[in-house]
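Down below is the structure, laid out as structure tokens.
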Amino acid sequence: MTSIADRLDPGGMVRGCVLALGNFDGVHRGHLHLLHAAHTARPDAPLGVVTFEPHPRALFRPDDPPFRLTPAPVRAAMLRAAGVQHVFEIAFDAEFSQLTAEDFVVQVLHETLGARHLACGPDFAFGHRRGGNTSFLAERTEALGIGLTLVPPLADASGPISSSRVRRALQDGYPERATELLGHPWAITGVVSHGDKRGRTIGFPTANIPLGEHLEPARGVYAVTAMLADGTALKGVANLGRRPTVSDGTESRLEVHFFDYDGDLYGQELPVLLTAFIRAERKFESFQALRDQIAADASTARTLLAAPPPAGA
């Protein structure tokens, strides 16, 4: 088997951390709760995260549609912004999936990473066929002299906050609900690419961003904000879907019209934050009808984006 050290970024090989364990897709409020508990348990130790790339679900269910809330580079940046000093991304493939729960604890956490303390949720499972649970982890870490904190999930009135709940909110067309669970707006991050430039012909030029491995939220029109590398915020209206009026394709993409902006964005990587769902995608009888609806959508988006945030947000 490929050595554990070879599966990790050599620049990240720091021993003696307190380690939070999990996939951390979305880096939502529940994840931040776990990170806080890990740091509180051993504030004297560097805070690290052990996660996997690609997400194990991509290996075990390869025919599923894309489901990621945050691609790996975005996840790592968000974790560091939350105070994580070391992000240990373990290369997850068929070979690694055969590693037993015992070997995961001994070879990965103890011998390679030299963990001083671990933190995870009560449902954390690991090892070949998910053969290890928190009871097993508690037994083995005690024997190895590693501390362990089992962290109850952060919950609201609807139950534990989870990545699955965030995905459902987005797929149901409720980005505001996803924002509440995440603690921040959800973004699709990608490189602006050339489209068919049809938007220019009807007065609404767009920046086209492929969804890539991102989860596809409800198809339709959204009020959005994008952040340029220099910190400039661009407000706009976006269509996410298959553009049935102008295309018979099967690939969804994000097309964003930014208000009061005529700069060149091609080749730039942009995070586009979904603020509010305006309407579902539909086919129009003519380009004029489409243009009229886009104008109405843009007006709605301007109003939504000008509104003050809810109290306590």
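Contact annotation: residue pairs with Cβ atoms under 7 Å, 6 or more positions apart or on different chains, pairing a residue in the range 175-187 that is closer than 14 Å to His33 by Cα with a partner that is assigned to a loop (DSSP other than H, G, I, E, B) and among the hydrophobic types (A, V, I, L, M, F, W, C), are Leu181/Ile161.
Yes or no: Leu59 modelled with pLDDT of 95 or more and closer than 22 Å to Val166 by Cβ?
On the way: modelled with pLDDT of 95 or more: no; closer than 22 Å to Val166 by Cβ: yes.
When the stated conditions are applied, Leu59 does not pass them.
Taking the residues in the range 266-297 that are buried (at least 19 other Cβ atoms within 10 Å of the Cβ) and not β-branched (Val, Ile, Thr) as candidates, determine which candidate is farthest from Leu234 (Cα to Cα). Top of the filtered list is Leu290. The criterion of being more than 16 Å from Gly48 (Cα to Cα), within 17 Å of the chain's Cα centre (by Cα) and modelled with pLDDT of 95 or more holds for Ser162.
Within the range 134-145, the residues that satisfy the criterion of being closer than 18 Å to Ala38 by Cα and touching a helix residue (DSSP H, G or I) at 6+ places or on another chain (Cβ under 8 Å) are Leu137, Thr141. The condition of being modelled with pLDDT of 95 or more and among the acidic types (Asp, Glu) holds for only one of Glu281, Glu285, Glu251, Glu216, that being Glu216. Have a look at Arg140, Arg177, Arg130 and point out the one that is closer than 30 Å to Ala298 by Cβ and among the charged types (D, E, K, R). Result of the check over Arg140, Arg177, Arg130: Arg177. Counting only helices (runs of 4 or more DSSP H) wholly contained in the range 22-100, the ones carrying 1 or more residues that are polar (S, T, N, Q) occupy 29-41.
Within the option set Gly190, Gly131, Gly147, being of a type in the set (Gly, Ala, Ser) and in the same structural domain as Leu290 (by TED's automatic domain parsing) holds for one residue only, Gly190.
This table checks each residue for (1) at pLDDT 95 or above; (2) among the hydrophobic types (A, V, I, L, M, F, W, C).
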| site | (1), (2) |
| --- | --- |
| Asp93 | no, no |
| Ser97 | no, no |
| Val105 | yes, yes |
| His117 | yes, no |
| Arg129 | no, no |
| Leu137 | yes, yes |
| Gly145 | yes, no |
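Annotation note: of Arg75, Arg61, Arg68, the sole residue that is closer than 22 Å to Arg130 by Cα and surrounded by 14 or more Cβ atoms within 10 Å (Cβ to Cβ) is Arg68.
The values are calculated or read from the model by the stated rules, or taken from the named source; none is laboratory data. Just so it is clear, the structure is predicted and the values come from calculations on it, not from any experiment. Note that we place each Cβ from the backbone using ideal geometry, even for glycine, and neighbour counts take in every protein chain shown.
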